[in-house]
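Colleague: Input: one structure, supplied below.
Derivation of every value follows stated rules applied to the coordinates shown; laboratory data play no part. Since we're looking at a predicted model, the values are computed, not measured. Glycine also receives a Cβ, built like all others from the backbone with ideal geometry; neighbour counts cover every protein chain displayed.
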């Protein structure tokens, strides 16, 4: 699995999990959803993502 694919899986999981937690536990979990969205926006504009750096350090291969 490549870094790009793993990043999409992690982002999607975080968003879905935070939406479920926001609905069932506390609306403050929606702030985490916003954080993930802002990080994706920042990554699209700057072509740099902290999670990709972390995944590369863990040895996940790039495309």
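Colleague: Cut-off is 10 Å between beta-carbons; in what order do 3, 25 appear when sorted fewest neighbours first? Please report the intermediate quantities before stating the final value.
Modeller: Values: 3 19, 25 10.
Fewest-to-most ranking of 3, 25: 25, 3.
Colleague: Which value in deg cm²/dmol, rounded to the nearest 500, describes the helix-derived mean residue ellipticity at 222 nm for the chain, given -39,500 (n - 2.57) per DSSP H run of n ≥ 4 and division by the residue count?
Modeller: Working: 3 runs with 47 residues, N = 63.
Per the formula, -24500 deg cm²/dmol.
Colleague: For the chain, take the longest principal axis of its alpha carbons; what is the angle in degrees between that and the long axis of helix 30-46, to the nearest 10 within 0 to 90?
Modeller: Roughly 30 degrees between the two axes.
Colleague: Sticking with this one: Based on the Cα atoms of the chain, what semi-axes does the equivalent ellipsoid have, where each is the square root of 5 times one gyration tensor eigenvalue, given in whole Å with the largest first?
Modeller: On the way: eigenvalues 120, 34, 13 Å².
Over the Cα atoms of the chain, the ellipsoid semi-axes are 24, 13, 8 Å.
Colleague: Within the stretch 1-19, name every residue whose backbone N is under 14 Å away from a label modeled 7 Å from Cα of residue 61 along the Cβ vector.
Modeller: 1-6
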